[in-house]
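The values are calculated or read from the model by the stated rules, or taken from the named source; none is laboratory data. These figures come from a predicted structure and were not determined experimentally. Cβ: placed from backbone, ideal geometry, glycine included. Neighbour counts: every protein chain shown.
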């Protein structure tokens, strides 16, 4: 049989709880036992539950106290063989939110997890903790119980492949000879990748000056109720309700201004239905780069010259006497991400050649280049002097939400 607690295995001091023992087999009687007790705790005749199509017995337990552990198993038997019992159920332990110092709960690599990927939940308590218990809100039994390996003061709960059944809010508890701890803070596990990814846009360009206002827009043709913005390496997710525009798109605008050095980074956004812990696939990454953070300006030149014909090949050469790990080439007014190239050191300068083959009029425009260092890849030097590239024909710039994205 199987054993569960209703409404929850989390109980209060002096409270009562109902334990339900169920089986698909037509046993006549269920037996409840408590660990540490030599005698049968309770014995009840089974009853058929028409809604679940199972046989069951409901045991009332209590009042319970946190000064001891309450671990139960149940068995079943037939009237004709009262001394022959079934295999026991898995053990069920009642949990208390006690008075000892609450443990710390966290998820690695993080609480937002891609569908079918792995996550580890850590629960860290005191050195005298004997057991750690993980409980998922809404579950009728603890999710898992671990005994720490001494002298560790933490327990590891592994989920090798996260699915929708794993999403939700978790707490952990620890027990020592002094009693039960307070319950930990809430950890919510979110799974992503189960619906079409939105698009993340900036209408103000990827390269920003200090002090300017900046808005990132997350949009989709799916009617998401809210959108979530995340910065790589950040601790928090920014939530914003979605709204419809006249083009039939669901979107949210995230204001990040005024821009400072900490604004630089890589951003992604997600779409969410209602208050679900199931999110869409993430948008493609969007980099925000901050200028003027390194005390130099590289130079930019065009080879063979700045006026060319369609079909020609062009090289934009970015150079600096200061140390540069990566050069960034930006076209004024372009909606796409700037180009990046690792620098090469030759002729006593750091440099990179941005090659354009078979050019068209769409490549006409004003270009600048910047330098960055690997220690802070989103913080740039001052921009080079602008260089105008002219290719016969007119440039057409479109900035649209990419509705062809797939998860």
Matching entry among 137, 149 (being at pLDDT below 90 and either on the phi > 0 side of the Ramachandran plot or in the same structural domain as residue 174 (by TED's automatic domain parsing) (or both))
149
For the structure I just gave you, tell me whether residue 402 is surrounded by fewer than 19 Cβ atoms within 10 Å (Cβ to Cβ) and at pLDDT 90 or above.
no
Of the residues that make up region 90-105, is at least one in contact with a helix residue (DSSP H, G or I) (Cβ under 9 Å, 6 or more places away or on another chain), crowded, with 18+ Cβ neighbours inside 10 Å and assigned to a strand (DSSP E or B)?
no
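Taking the stated definitions as given, is residue 355 at pLDDT 90 or above and under 14 Å from residue 289 (Cβ atoms)?
Working: at pLDDT 90 or above: yes; under 14 Å from residue 289 (Cβ atoms): no.
When the stated conditions are applied, residue 355 does not pass them.
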All positions within region 188-223 that are under 24 Å from residue 122 (Cα atoms) and surrounded by 20 or more Cβ atoms within 10 Å (Cβ to Cβ)
189, 190, 191, 192
Would you pick out the residues in region 353-369 that are crowded, with 17+ Cβ neighbours inside 10 Å and in a strand (DSSP E or B)?
354, 356, 365, 367, 368, 369
Filter region 19-53 down to the residues that are within 38 Å of the chain's Cα centre (by Cα) and either under 15 Å from residue 142 (Cα atoms) or modelled with pLDDT under 90 (or both) and list them by number.
19, 20, 51, 52
Starting from region 331-358, take each residue that is free of Cβ contacts under 8 Å to residues at least 24 places away in the same chain and list its partners that are part of a loop (DSSP other than H, G, I, E, B) and surrounded by fewer than 18 Cβ atoms within 10 Å (Cβ to Cβ), counting only C-beta distances under 9 angstrom and pairs at least six apart or across chains.
336/206; 342/325; 345/323
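Specify which of the listed residues (372, 384) is buried (at least 19 other Cβ atoms within 10 Å of the Cβ), outside any strand (DSSP E or B) and not assigned by TED's automatic domain parsing to the domain that holds residue 266.
Numbers: 372 fails: outside any strand (DSSP E or B).
Sole residue among the options that is buried (at least 19 other Cβ atoms within 10 Å of the Cβ), outside any strand (DSSP E or B) and not assigned by TED's automatic domain parsing to the domain that holds residue 266: 384.
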Please give the number of the condition residue 319 fails out of (1) over 30 Å from residue 217 (Cα atoms); (2) under 36 Å from the mean Cα position of the chain (by Cα).
(2)
Filter pass, residue 210 being modelled with pLDDT under 95, more than 29 Å from the chain's Cα centre (by Cα) and not assigned by TED's automatic domain parsing to the domain that holds residue 381
yes
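If I filter region 315-352 down to residues being in a loop (DSSP other than H, G, I, E, B) and closer than 11 Å to residue 206 by Cβ, which single residue comes out as modelled with the lowest pLDDT? Give the steps one after another, and end with the answer.
So in region 315-352, the residues in a loop (DSSP other than H, G, I, E, B) come out as 321-325, 332-338, 343, 347-348.
Filter again for closer than 11 Å to residue 206 by Cβ, leaving 334-338.
On the way: 334: 80, 335: 77, 336: 83, 337: 88, 338: 93.
The residue in question is 335.
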